[in-house]
């Protein structure tokens, strides 16, 4: 009797798992990578200074994060600012999934130590950049790949 009960429970579990997989197939999309977009406004006359920092230190940090497997890719986009408080630069970082953001502080600290020598030096560098740009905010979102 217990073997029959075990077989019945196992069959029910298999059926339940199959129906969950079938429900996932009902969606017309699949979950894709996670993207963070930071909105930046450079100070008038400081665009090239900020681009120089992006092409050196920031790029080194992104390449180190990519090599470590923390990120998939990164981009710098420029946009026409229409008002004084609109961004003129977007920094786009792509992660494999939401789980890639787990432990982000420790990962960032490791990269900062590797590229800038210490977390304290990275913090000082961050403060100094306030003379050439303002961070307006950021958004983190997930790509939905249509089937």
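The values are calculated or read from the model by the stated rules, or taken from the named source; none is laboratory data. Please read all numbers here as calculations on a predicted model, not as lab measurements. Note that each Cβ is placed from the backbone with ideal geometry, even for glycine, and that neighbours are counted across all protein chains shown.
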Does residue 100 fit the bill of being surrounded by 15 or more Cβ atoms within 10 Å (Cβ to Cβ), more than 11 Å from the chain's Cα centre (by Cα) and within 19 Å of residue 36 (Cβ to Cβ)?
-> no
Would you check if there is a residue in the range 71-81 being touching a residue at least 40 places away in the same chain (Cβ under 8 Å) and touching a helix residue (DSSP H, G or I) at 6+ places or on another chain (Cβ under 9 Å)?
-> no
The range 42-93: number of residues that are in a helix (DSSP H, G or I) and surrounded by fewer than 14 Cβ atoms within 10 Å (Cβ to Cβ) = 5
Selection within the range 94-146 - at pLDDT 95 or above, part of a loop (DSSP other than H, G, I, E, B) and in contact with a helix residue (DSSP H, G or I) (Cβ under 9 Å, 6 or more places away or on another chain) = 132
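Does residue 35 satisfy the criteria of being over 21 Å from residue 114 (Cβ atoms) and touching a residue at least 40 places away in the same chain (Cβ under 8 Å)? Walk me through it before giving the result.
Values: over 21 Å from residue 114 (Cβ atoms): yes; touching a residue at least 40 places away in the same chain (Cβ under 8 Å): yes.
It is true that residue 35 is over 21 Å from residue 114 (Cβ atoms) and touching a residue at least 40 places away in the same chain (Cβ under 8 Å).
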Boolean, residue 107 is within 15 Å of the chain's Cα centre (by Cα), on the phi < 0 side of the Ramachandran plot, surrounded by 14 or more Cβ atoms within 10 Å (Cβ to Cβ) and without any contact (Cβ under 8 Å) to a residue 12 or more places away in the chain | no
